[in-house]
Amino acid sequence: MVEVVPLEEEFLTMLRETVNLKATDVDIKNGFASISKILRKYLMQKYQVSAMEQTSAQLLSALQEKQLNETIYKQVDEILRLCDLAKFAGSMGDQKDLFRVYTLMETILEKNLTEGSAEAKLEKAAEEK
C-alpha cells in the first residue's frame, strides 16, 4: 500500500528545503520570492484557485469567496503584502520580516495539517460504523 503524504506535509518539506533561515548568507529577497511562490502553489492545490496568475488582491478576493478561516486569511494577506513589498517596492525587506513570513507560512501549513488529520480520523470512524 502506498502511503499518501498530506499536501501540507509536502509543502512544509518544500518550505524547509527551499528557505534556509539558519544559513549565514540568507538571500532575503530570494527568500520572500520563494515563500510567495510556495504559498501560491499551496493555495492553488488546496483551494482550487488560480493563484499563480493572479495579483495578490485578486487572490485574496478569490480566497474570500472560498470562505477561508479568518485567521488563515489574515496570515495569507500578511505574507502576500510583505512578499509584494520585497518584490515590487524595491525594498530588500529585512531578515525580521522574512522570519515572520516564514513562520506564518509554517503556521498555516501546520494548522491545516492538524485539522486535516482530525477530519480524516472522523471520516474513518464514520466509515467503520
Expressed in nm to one decimal, what extension gain is obtained for the pair Y47 and V4 from 0.36 nm per residue of sequence separation less their Cα-Cα distance?
13.6 nm
So for the range 1-81, averaging the separation of alpha carbon pairs under 8 Å that are six or more residues apart and normalising by length, what relative contact order in percent results?
22
Let me spell out the model: positive unit charges on the Cβ of Lys and Arg, negative unit charges on the Cβ of Asp and Glu, origin at the Cα centre of the chain. What dipole size does that give, in debye rounded to 20?
300
Residues with beta-carbon under 12 Å from that of D94, excluding D94: net charge, scoring Lys, Arg +1 and Asp, Glu -1?
+2
Which one of K22, K74, K46 has the biggest mean-square fluctuation once the chain is modelled by GNM with Cα springs under 10 Å?
K22
Along principal axes, largest first, the alpha-carbon spread of the chain in whole Å comes out as 58, 34, 23
Applied in sequence order to the range 9-18, the curve 6.51 cos²θ - 1.76 cosθ + 1.60 (Karplus, θ = phi - 60°) yields integer Hz couplings, x standing for Gly and Pro, of 5, 4, 6, 4, 4, 4, 4, 5, 7, 8
What does the extension gain come out to for T114 and I28, with contour length at 0.36 nm per residue minus their alpha carbon separation?
28.0 nm
Under a GNM of the chain (C-alpha, springs under 10 Å), which listed residue has the highest mean-square fluctuation: R40, R16, R81?
R16
Within the set A86, A33, A23, GNM on the chain using Cα springs under 10 Å gives the largest fluctuation to A23
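Read-outs throughout are calculated quantities, based only on the coordinates presented, and are distinct from any laboratory measurement. Remember, predicted model here, so these are calculated numbers, not experimental data. Glycine also receives a Cβ, built like all others from the backbone with ideal geometry; neighbour counts cover every protein chain displayed.
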